[in-house]
């Protein structure tokens, strides 16, 4: 599904997800992805992530976003 949404080959998603999992950023198993370290994942993302995040907040200011479990424990 992710590969189809992004218009890339499934092997590319498997490779990228495997690297993110080895880095401890996500858990990836049988098509299910869980974010383990959101801050770390954001650091690994391209600079466009911050731009998209800010634009989303501007367009949908009243939407509440779920925090990752690590942030809730702090």
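Filtering segment 1-35 down to residues that are touching a residue at least 24 places away in the same chain (Cβ under 8 Å) and within 16 Å of residue 45 (Cβ to Cβ), which residue is surrounded by the most Cβ atoms within 10 Å (Cβ to Cβ)?
Here the answer is 20.
Identify, by number, the condition in (1) modelled with pLDDT under 90; (2) assigned to a loop (DSSP other than H, G, I, E, B) that residue 8 doesn't meet.
Going through the list (1) modelled with pLDDT under 90; (2) assigned to a loop (DSSP other than H, G, I, E, B), residue 8 breaks only (1).
Pairs please, first residue from segment 47-74 and closer than 19 Å to residue 34 by Cα, second anywhere and at pLDDT 85 or above and in a loop (DSSP other than H, G, I, E, B), Cβ atoms under 9 Å, 6+ apart in sequence or on different chains.
Pairs found: 68/36; 68/37; 69/36; 70/36; 70/37.
If you go through segment 2-20 one residue at a time, how many are more than 18 Å from residue 36 (Cβ to Cβ) and in contact with a helix residue (DSSP H, G or I) (Cβ under 8 Å, 6 or more places away or on another chain)?
Matching residues across segment 2-20 total 5.
Let's see how each residue does on (1) part of a helix (DSSP H, G or I); (2) at pLDDT 85 or above:
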{"position": "15", "(1), (2)": "yes, yes"}
{"position": "18", "(1), (2)": "yes, yes"}
{"position": "41", "(1), (2)": "yes, yes"}
{"position": "50", "(1), (2)": "yes, yes"}
{"position": "58", "(1), (2)": "yes, yes"}
{"position": "61", "(1), (2)": "no, yes"}
{"position": "67", "(1), (2)": "no, no"}
{"position": "71", "(1), (2)": "yes, no"}
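The values are calculated or read from the model by the stated rules, or taken from the named source; none is laboratory data. Remember, predicted model here, so these are calculated numbers, not experimental data. Here the Cβ is made from the backbone with ideal geometry for all residues, glycine too, and neighbour counts use every protein chain on show.
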